[in-house]
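The values are calculated or read from the model by the stated rules, or taken from the named source; none is laboratory data. Source: prediction; values computed, not measured. Here the Cβ positions follow ideal geometry from the backbone for every residue, glycine too, while neighbour counts run over all protein chains shown. SASA here: full protein model, heavy atoms, side chains in, ligands and nucleic acids out. Shrake-Rupley method; radii C 1.70, N 1.55, O 1.52, S 1.80 Å.
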Amino acid sequence: MEPATEGIFASQFDPCEVFSDERFSSLGLGRQLANSSDMQFGAMGCSFAPNDFDKFKGVFLIATDQINRDRVQESGLNPVDWNQSRIPGLYIHEMSSQARQCEAAVDYDWGRFVVDYYEVGSGWEPNVLCPEAVRILEELILGAGGSS
């Protein structure tokens with residue numbers, strides 16, 4: 001089941017132009033570290049330091065790109081349904097076996113909306129690394145009128 005593709009979700013968008021700094025701050029994201037429209041896979045987005053450095057030792061990337069779950073699977077990145085999500089079709093996946101990173105994503109006709117959390121080190125621990133990325137993605141989608 002795919003989420004509705006209406007409003008901002010009708011086509012690819014730059015979340016850093018659509019959502020305000022205040023909205024990002026309300027989700028626990030601090031200072032914006034980078035804003036780039038020349039990321040790989042046609043991605044548009046920006047990265048943030050967390051507000052709570054004691055709890056989150058890494059950075060968050062909020063982006064849209066032009067890949068989907070099938071391509072993630074073909075790349076060997078093991079997408080897994082996040083069954084307790086309020087968003088139909090939300091999945092998580094590791095980025096590589098050498099990274100301490102989790103990406104939460106929802107596919108649309110044009111690509112996907114992604115929140116990536118990365119911290120230094122190695123080890124794929126989805127129950128540790130993914131919940132905050134999932135929460136931020138859910139709140140952005142639901143707050144923008146996406147499906148629940």
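Which Cα, out of 95, 126, 76, lies furthest along the positive dipole direction of the chain (beta carbon charges, K/R +1, D/E -1)?
Going by the Cα projections, it comes out as 126.
Quick one: accessible area per residue over region 7-144, 1.4 Å probe, rounded to a whole number of Å²?
Using a 1.4 Å probe on heavy atoms only, each residue of region 7-144 averages 48 Å².
For the chain, what size does the Cα cloud have along each of its three principal axes, sorted from largest down, in whole Å?
Sorted largest first, the three principal extents are 37, 36, 32 Å.
Computing the accessible area with a 1.4 Å probe over protein heavy atoms, can you report the carbon and sulfur percentage for region 7-144?
Reported share for carbon and sulfur atoms: 46 percent.
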